[in-house]
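Student: Starting off with a structure, shown below.
The values are calculated or read from the model by the stated rules, or taken from the named source; none is laboratory data. Remember, predicted model here, so these are calculated numbers, not experimental data. For neighbour counting, all protein chains shown are included, and Cβ atoms are generated from backbone atoms with ideal geometry for every residue, glycine included. What goes into the accessible areas is simple: the full protein's heavy atoms, side chains included, and nothing from ligands, DNA or RNA. Shrake-Rupley method; radii C 1.70, N 1.55, O 1.52, S 1.80 Å.
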Amino acid sequence: MTVESTAARKPRRSAGTTGAKSSASTTGTKSAASKRTSAAAKKGTTGDGPELVQLLTPEGKRVKDATYDPYVADITPDELRGLYRDMVLTRRFDAEATSLQRQGELGLWASLLGQEAAQIGSGRATREDDYVFPTYREHGVAWCRGVDPTNLLGMFRGVNNGGWDPNSNNFHLYTIVIGSQTLHATGYAMGVAKDGADSAVIAYFGDGASSQGDVAESFTFSAVYNAPVVFFCQNNQWAISEPTEKQTRVPLYQRAQGFGFPGVRVDGNDVLACLAVTKWALERARRGEGPTLVEAYTYRMGAHTTSDDPTKYRADEERESWEAKDPILRLRTYLEASNHADEGFFAELEAESEALGKRVREVVRAMPDPDHFAIFENVYADGHALVDEERAQFAAYQASFADEGEGK
């Protein structure tokens, strides 16, 4: 699969801008920040899409935003190429993992196709000393935090519970229980504040998780204790087969108002806007101004996981409308129009993409098969007769395959 073919899957034309307002300065008082937030909340927009912050249109045109431009004003052509590289390689890795699952090498895979800009933009906004709490789809954020992508696959193959040391990259292990990581992030952020550190915490979750009680509880505690945490919600429109309109009667970012902190909706397919808004929110947290909810309005182009068939619950026309807003294609268009990248760059990246895919395949296929009997360990502290019985039944079941192979 070439870079061209991976980038040609396009995600929708979004509308103007809005968001919680802040100056470019990294200092300021809470009262000043509150005034900026109130002013931004009154900001309107025009167009056929939702109100959101956008710096790069689906057509690859750079647009201005007085509030968030300062956070990407000094971005260099090399850094822009870096963002593009991050998205292309993340998409290639994701496509390779999906193929490996289809070939029986992984038990399951949760694709991020279409959400590369939200993850790379927000991931690159973090500092080394910030701490990240992901769910199970944040492969792009893991890439930004320096986690080897092949480490992500061990869990989905069943050979480990994560494969990396969270403290090495300040990137927590993947969380399967929906929404619980927001509580972990809030508690960690409260600890950061008590320690007097100026680092921040960011918690990732989806639109489906926003309906969980753990998320509401996290909002309450973070607001009351002014925790330095950013809640980054990737609203990809579908919680498995449940559309967002079945989850909420108001835009998700507006929920923050009820808990007493700002919420911002950003074009989740615009890597520059995601970078700028997340930088703003993280700097706000580091200044002691409390939590922020960032809703990245994006789209899940593929299945919820490889066990899911999205054609059963959503129309092809919907997907096609989002293909026109592809995050990779729009940045490539901008790079080419601005003369920030030439064909040599894209050719080198294509070769790097192929090399990554090859390495991922080789590493996964060299992984051992999971221990089928590990599921019976640590169920009870002192063992249990029922578990022993189930283990024996499973052993007999496994042995039956060997007997069939020997013709018995």
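Student: For the chain, take every pair of Cα atoms, bin their distances at 20 Å starting from 0, and report each bin as a whole percent.
Tutor: 27, 56, 16, 2
Student: Can you check how the C-alpha radius of gyration of the range 303-390 compares to 2.2 N^0.38 Å, as a plain ratio?
Tutor: Taking the Cα Rg and dividing by 2.2 N^0.38 Å, one obtains 1.95.
Student: Right, another one. Could you please state how large a percent of the accessible area of the chain is carbon and sulfur, counting protein chains only and using a 1.4 Å probe?
Tutor: 50
Student: Roughly how many Å² is the accessible area per residue of the chain, as a whole number, for a 1.4 Å probe?
Tutor: 44
Student: Something else about it: Divide by every residue of the chain the summed helix terms, -39500 (n - 2.57) for each DSSP H run of at least 4, and state the resulting mean residue ellipticity at 222 nm, rounded to the nearest 500 deg cm²/dmol.
Tutor: Using -39500 (n - 2.57) per qualifying helix, the result is -14000 deg cm²/dmol.
Student: At S307 and R359, where each label point lies 7 Å from the Cα along Cα→Cβ, what is the point-to-point distance in nanometres?
Tutor: 3.1
Student: Tell me, what does the Kirkwood hydrodynamic radius of the range 68-227 come to in angstroms if you use every pair of distinct C-alpha atoms?
Tutor: By the Kirkwood definition, the hydrodynamic radius is 16.7 Å.
Student: Mind listing which trypsin sites (Lys or Arg not before Pro) in the range 247-320 are in a DSSP loop and have 13 or fewer other Cβ atoms within 10 Å?
Tutor: Listed in order of number, the matching sites are R249.
Student: Given points 7 Å out from each Cα along the Cα-Cβ axis, report the D316 to A73 separation in nanometres with one decimal.
Tutor: 4.8
Student: May I ask you to list the aspartates and glutamates whose Cα is less than 13 Å away from that of K312, ignoring any residue fewer than eight positions away on the same chain?
Tutor: Excluding near neighbours in sequence, the set is E242.
Student: log₁₀ I(q)/I(0) of the range 285-348 at q = 0.12, 0.23, 0.29 Å⁻¹, via Debye over equal Cα point scatterers, no solvent, to two decimals?
Tutor: -0.61, -0.95, -1.24
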